[in-house]
């Protein structure tokens, strides 16, 4: 039976400036570069999931909104999430 903590080796090429930042973060936190990269990827994926959940929450609010002012506010927020500031 496979463990849920199975590790898969990946090869990733990073731009030089980003690699320096990863090395500096690893050194500052006394972790391996690999561990820092894992943490950063996990944080990025969690952030995307939260953003997606927020988007769907706003869609639900828009569907149930009755006031035109509220609909405009929600539409503006959805636009910011979709297209940026």
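Only the coordinates and a few stated rules stand behind these numbers; no lab work does. Because the structure is predicted, anything quoted here is derived from the model rather than measured. Quick reminder, even Gly has a Cβ in these numbers, built from the backbone with ideal geometry, and neighbours come from all protein chains shown.
With 0.36 nm allotted per residue and the present C-alpha distance subtracted, the residue 9-residue 61 stretch has 14.5 nm of extension available.
Helix 33-64 and the longest principal axis of the Cα set of the chain meet at an angle near 10°.
Where (i) 19.7, 56; (ii) 28.3, 91; (iii) 15.3, 50 are the candidate values, the label of the one calculated here for Rg and Dmax of the Cα atoms in Å is (i). Any idea what angle helix 16-29 forms with the longest principal axis of the chain, computed on alpha-carbon atoms, 0 to 90 degrees, nearest 10? On a 0 to 90 degree scale, this one is about 80. The angle between the Cα long axis of helix 68-83 and the main principal axis of the chain comes to about 20°, on a 0 to 90 degree scale. Each label was represented as a point 7 Å from its Cα along the Cα-to-Cβ direction; for residue 33 and residue 19 these points are 0.6 nm apart.
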